[in-house]
Amino acid sequence: MFSFSSVSRSSTFKLSFTPAYKNKTAARVDSRKRSNQKEKKSPISFFTNAFIGDAGIFIATGALIAFSIIMVYSTTGVLAAEKFSDSLFYVKRQIFAVFIGLVGLVCLSNVKISFFKKYSHLFLFACFLLLALPYLPGLGHAAGGARRWINIGPVHLQPGEFVKLGFVIFIAGFFARHESRLNTFSQGVFKPVLLLIPVCAILLLQPDFGSAAILAGVTLCMASASGSRLRYILISGFCLSVAAAILIISSPYRMNRIISFLTPWADASGKGYQLIQSLIAIGSGQFSGVGLGASQQKLLFLPAAHTDFIFAVIAEELGFVGCLVLICVFLLFFWRGIKLATKYAEDTFSFALCVGLTLLIVLPALLNMGVTTGMLPTKGLVLPLIGYGGSSIIASLFAVGILLSLAREFKKSVS
């Protein structure tokens with residue numbers, strides 16, 4: 001549906017609304033022949049494949065992960081010392097999650113995209129299996145009225161984070177299988193939304209409104225990018241928005257979040273407390289911040305300072321400059337991901353998957369920043385690759401691993 005074509009030899013900029021792969025059929029066939037040839041692999045190449053995919057994505061991911069460890073320590077030192085008598089408690093767990101995520105990233109960067117395409121239909125079953133795990137006796141874990149987690153020894157995992165990744169792979173396969181009919185309402189929008197509804201319904205039961213909203217948004221963006229008509233996307237988006245509004249109105253808990261978002265000062269010590277403390281943190285940072293580690297709001301004033309509201313502490317400690325740099329890193333990730341899709345993708349599956357994986361990182365980041373700054377109501381979303389949360393960071397690194405695999409195969413196809 002959309003793509004940004006490269007500058008032509010005559011230095012004339014052109015904006016194209018057709019993915020580049022649709023204009024390279026012959027080259028695509030030739031690249032498939034090359035990709036089917038057996039590759040000579042060495043133990044070293046297994047690890048280096050993650051580094052040769054796309055430098056921009058790799059650098060952005062590395063910078064975000066390194067910054068994550070720094071900020072998790074900054075936001076949790078006092079809390080961890082008071083709660084566990086170990087100021088490094090949360091940092092150790094975050095580093096462990098990063099390690100698991102990086103192992104998965106390296107492994108997934110070596111998996112051929114043809115594998116995901118061939119078995120994409122199975123990922124929907126995997127999604128339902130993951131969603132059922134929190135309800136199993138002895139395995140599921142409930143906290144704060146939500147049942148989103150499973151216990152694996154001392155570790156709590158949130159399957160919903162991996163469901164988003166699995167559904168993106170599945171729906172990319174759906175778009176590839178129905179490529180010729182994506183401009184119809186049935187195949188382009190109706191069936192994808194029909195497949196999305198039961199997944200989102202279970203997420204809402206847990207309840208996990210944020211993950212359901214992210215998954216719906218990413219799915220519609222993938223549909224639009226793959227060739228679905230814009231008017232169908234807008235109609236579906238409107239219908240889903242109406243459904244979301246009904247769910248919010250019918251839930252006192254969600255309505256309280258909306259009220260606290262619209263009028264936080266009406267109940268400054270109650271419903272609006274978290275948002276007000278977040279705004280105080282952001283305002284305190286001004287242009288250059290109060291200094292790394294010098295935040296006052298993280299001293300048990302701002303709830304969830306190390307998870308959902310870590311961006312507020314970043315704004316307080318590093319100011320407008322630090323926030324701008326962080327946003328630029330996310331924009332670099334977005335630019336490289338979309339460029340891979342529009343310039344190098346060889347088929348609908350690769351194109352849709354590339355767009356979906358990129359948005360799985362960037363869209364939650366955008367929404368999290370909106371929540372923290374008071375532009376959006378609270379959704380319970382962690383800042384991807386930054387905020388504390390093992391499941392989020394592992395799933396995000398898995399997504400990056402698949403993106404790097406796509407980038408590596410794209411490079412081989414044009415070499």
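Select from region 299-312 the residues that are under 25 Å from the mean Cα position of the chain (by Cα) and either over 21 Å from SER391 (Cβ atoms) or of a type in the set (Ser, Thr, Tyr) (or both) and list them in ascending order. Within region 299-312, LEU302, THR307, ALA312 meet the criteria.
Residues considered: ILE233, ILE246, ILE258, ILE202. Of these, the only one that is out of contact with any helix residue (DSSP H, G or I) (no Cβ under 8 Å at 6 or more places or on another chain) and part of a helix (DSSP H, G or I) is ILE246. Counting only strands (runs of 3 or more DSSP E) wholly contained in region 118-198, the ones carrying 2 or more residues that are more than 18 Å from PHE349 (Cβ to Cβ) and either modelled with pLDDT of 90 or more or touching a Leu at 6+ places or on another chain (Cβ under 7 Å) (or both) occupy 146-152. Select from region 360-415 the residues that are part of a loop (DSSP other than H, G, I, E, B), polar (S, T, N, Q) and surrounded by fewer than 21 Cβ atoms within 10 Å (Cβ to Cβ) and list them in ascending order. Answer for region 360-415, where residues must be part of a loop (DSSP other than H, G, I, E, B), polar (S, T, N, Q) and surrounded by fewer than 21 Cβ atoms within 10 Å (Cβ to Cβ): THR373, SER415.
When ALA172 is tested against (1) among the small types (Gly, Ala, Ser); (2) in contact (Cβ under 8 Å) with a residue 60 or more places away in the chain; (3) on the phi > 0 side of the Ramachandran plot, exactly one condition is not met: (3).
Report whether or not LEU302 is over 12 Å from MET369 (Cβ atoms), in a loop (DSSP other than H, G, I, E, B) and of a type in the set (A, V, I, L, M). So LEU302 fits the description; yes. Restricting region 205-226 to residues that are of a type outside the set (A, V, I, L, M) and assigned to a helix (DSSP H, G or I), which is surrounded by the most Cβ atoms within 10 Å (Cβ to Cβ)? Looking at residues that are of a type outside the set (A, V, I, L, M) and assigned to a helix (DSSP H, G or I), I get THR219. Among residues of region 145-181 being in contact with a Lys or Arg (Cβ under 7 Å, 6 or more places away or on another chain) and of a type in the set (Gly, Ala, Ser), the one that is nearest to ARG229 (Cα to Cα) is ALA176. For region 261-275, what are the residues that are in a helix (DSSP H, G or I) and touching a Ser or Thr at 6+ places or on another chain (Cβ under 9 Å)? Correct list: PHE261, ALA266, ASP267, TYR273, GLN274, LEU275.
Residue check: is VAL189 touching a residue at least 40 places away in the same chain (Cβ under 8 Å) and under 19 Å from CYS221 (Cβ atoms)? Judged against the criteria, VAL189 is a match. Within region 191-201, restricting attention to residues that are within 20 Å of ILE150 (Cβ to Cβ) and within 19 Å of the chain's Cα centre (by Cα), the residue that is surrounded by the fewest Cβ atoms within 10 Å (Cβ to Cβ) is CYS200. Residue check: is SER236 under 28 Å from LYS191 (Cβ atoms) and without any contact (Cβ under 8 Å) to a residue 24 or more places away in the chain? In short, no. Report yes if some residue within region 99-110 is of a type outside the set (A, V, I, L, M), under 30 Å from GLU346 (Cα atoms) and not in a helix (DSSP H, G or I); otherwise report no. Among the residues of region 99-110, at least one is of a type outside the set (A, V, I, L, M), under 30 Å from GLU346 (Cα atoms) and not in a helix (DSSP H, G or I), which makes the answer yes.
The values are calculated or read from the model by the stated rules, or taken from the named source; none is laboratory data. Fair warning: this is a prediction, and the values are worked out from it, not measured in the lab. With ideal geometry, Cβ positions are generated from the backbone for all residues, glycine too; neighbour counts draw on all protein chains shown.
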